[in-house]
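First the structure, in the form of structure tokens, and then the observations on it.
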Amino acid sequence: MPEKTLQEILDFVDSIPEFMCGRNEAKFLYELSKNTKGLGAIVEIGTCAGKSTIALAHAQKEKHGRRINTIDLSEHPEIKSNLRRAGVSKFVNRITARSSAVAKNWHEPIELLWIDGDHRYNGIVHDITCWSRFLVVGGVMAFHDYPSVGGRVVKQTWMALYRKVLSRPDKWRILSDREGGNIFVCERITGRCDEFNSKTVLRQIIRDIKGNFQWYLEEFKGRRLQSKGKIP
Ligand SMILES: C[S@@+](CC[C@H](N)C(=O)[O-])C[C@H]1O[C@@H](n2cnc3c(N)ncnc32)[C@H](O)[C@@H]1O
């Protein structure tokens, strides 16, 4: 079977009867995937009928790259046949589970993270928290439905992005918003991205105490030696 061109792939994505990722968004995701440098895995949260999965996977197929790890709570009845008809089945690793459960057993660094799963505030915050910590520096995190769908502001997406990304310019560089439709893209710019949780705070306190203890010890020794006239 001859390889499909990008136009054929976009036509096919367009023909899938789900009101999800549109043609321009599919093209934009294709380009994001095509621009990956092989620094880590590609993860998609929210497979549904596979429209965005096909766009991401077609780019990897063209460059003989990686498989797309795509996660969904349930299996869409058409997903297998859609991936097969697009000729990308071999470039897709489907995982049927809750995204947060998959994150618990995940170890690989990620270069491209596409979040299009639970669009509620807590769901988005949770996905960013669980998954962004695997993103390599220079890796990209993209979201769907920011900031509007058909003119209606998706407040929950915006609020979650504000809390986790827009208010953290030290950690995230905004690459584009509303790209290809409603896609928001940011790049990880520092080594550690997850917000401090109680464990990391506790570790930092212990480190500080140890550091200070060493300092006091040295000060104390120094003063004793000084008082004994052993050091000037
Ligand atoms: C908007 S659709 C994804 C559309 C797809 N990315 C596309 O463009 O064709 C959202 C999907 O996310 C899935 N989903 C919702 N919450 C999820 C979660 N916590 N973990 C995994 N998948 C989830 C839903 O089952 C649904 O199929």
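The values are calculated or read from the model by the stated rules, or taken from the named source; none is laboratory data. The model shown is predicted, which means the values in this text are computed figures rather than measured ones. Virtual Cβ from ideal backbone geometry, glycine too; neighbours counted across all protein chains shown.
Residue check: is VAL13 of a type outside the set (Lys, Arg), assigned to a strand (DSSP E or B) and buried (at least 17 other Cβ atoms within 10 Å of the Cβ)? Show your work before the answer.
Values: of a type outside the set (Lys, Arg): yes; assigned to a strand (DSSP E or B): no; buried (at least 17 other Cβ atoms within 10 Å of the Cβ): yes.
For VAL13, the condition - of a type outside the set (Lys, Arg), assigned to a strand (DSSP E or B) and buried (at least 17 other Cβ atoms within 10 Å of the Cβ) - is not met.
Kindly indicate the residue of the range 116-132 that is within 9 Å of the ligand (Cβ to nearest atom) and either in a helix (DSSP H, G or I) or not acidic (Asp, Glu) (or both) and also nearest to LYS51 (Cα to Cα) among those meeting that condition.
By that ranking, first place goes to GLY117.
Being touching a Lys or Arg at 6+ places or on another chain (Cβ under 7 Å) and charged (D, E, K, R): is that true of GLU44 here?
Judged against the criteria, GLU44 is not a match.
Specify the residue that is modelled with the lowest pLDDT; the eligible residues are those in the range 151-188 that are assigned to a loop (DSSP other than H, G, I, E, B) and closer than 20 Å to GLY117 by Cβ. Talk me through it step by step, then tell me what you get.
Step one: filter the range 151-188 for residues assigned to a loop (DSSP other than H, G, I, E, B), giving 151, 154, 167-171, 180-182.
Imposing the further condition that a residue be closer than 20 Å to GLY117 by Cβ reduces the set to 154, 180-182.
Working: VAL154: 62, GLY180: 67, GLY181: 69, ASN182: 79.
Only one residue tops the list, namely VAL154.
Scan the range 77-109 for residues that are in a helix (DSSP H, G or I), of a type in the set (Gly, Ala, Ser) and more than 9 Å from the ligand (Cβ to nearest atom) and jot them down.
SER81, ALA86, SER89, ALA103 - these are the residues of the range 77-109 that are in a helix (DSSP H, G or I), of a type in the set (Gly, Ala, Ser) and more than 9 Å from the ligand (Cβ to nearest atom).
Within the range 55-76, count every residue that is within 14 Å of the ligand (Cβ to nearest atom) and farther than 9 Å from PHE91 by Cβ.
Final tally of qualifying residues: 9.
Residues LEU56, LEU112: which one is part of a helix (DSSP H, G or I), touching a residue at least 40 places away in the same chain (Cβ under 8 Å), assigned by TED's automatic domain parsing to the domain that holds ARG23 and under 17 Å from the mean Cα position of the chain (by Cα)? Show your work before the answer.
On the way: LEU112 fails: part of a helix (DSSP H, G or I).
Exactly one residue qualifies, and that residue is LEU56.
Only residues that are of a type outside the set (Ser, Thr, Tyr), surrounded by 24 or more Cβ atoms within 10 Å (Cβ to Cβ) and in contact with a strand residue (DSSP E or B) (Cβ under 6 Å, 6 or more places away or on another chain): list them for the range 50-70, please.
Selection gives LEU56, ALA57, ILE68.
Could you look through the range 20-42, keep only residues that are within 11 Å of the ligand (Cβ to nearest atom) and not in a loop (DSSP other than H, G, I, E, B), and pick out the one that is farthest from LEU56 (Cα to Cα)? Spell out how you get there, then give the answer.
Quick first cut of the range 20-42, residues within 11 Å of the ligand (Cβ to nearest atom) only: 20-22, 25-26, 29.
Subset that is not in a loop (DSSP other than H, G, I, E, B): 25-26, 29.
Numbers: GLU25: 11, ALA26: 8, LEU29: 6 Å.
Out of the qualifying residues, it is GLU25.
What number of residues within the range 1-34 satisfy the criterion of being modelled with pLDDT under 90 and within 20 Å of the chain's Cα centre (by Cα)?
2
Please state which of the following conditions ALA49 fails to meet, knowing it meets all the rest: (1) within 8 Å of the ligand (Cβ to nearest atom); (2) in contact with a Lys or Arg (Cβ under 6 Å, 6 or more places away or on another chain).
(2)
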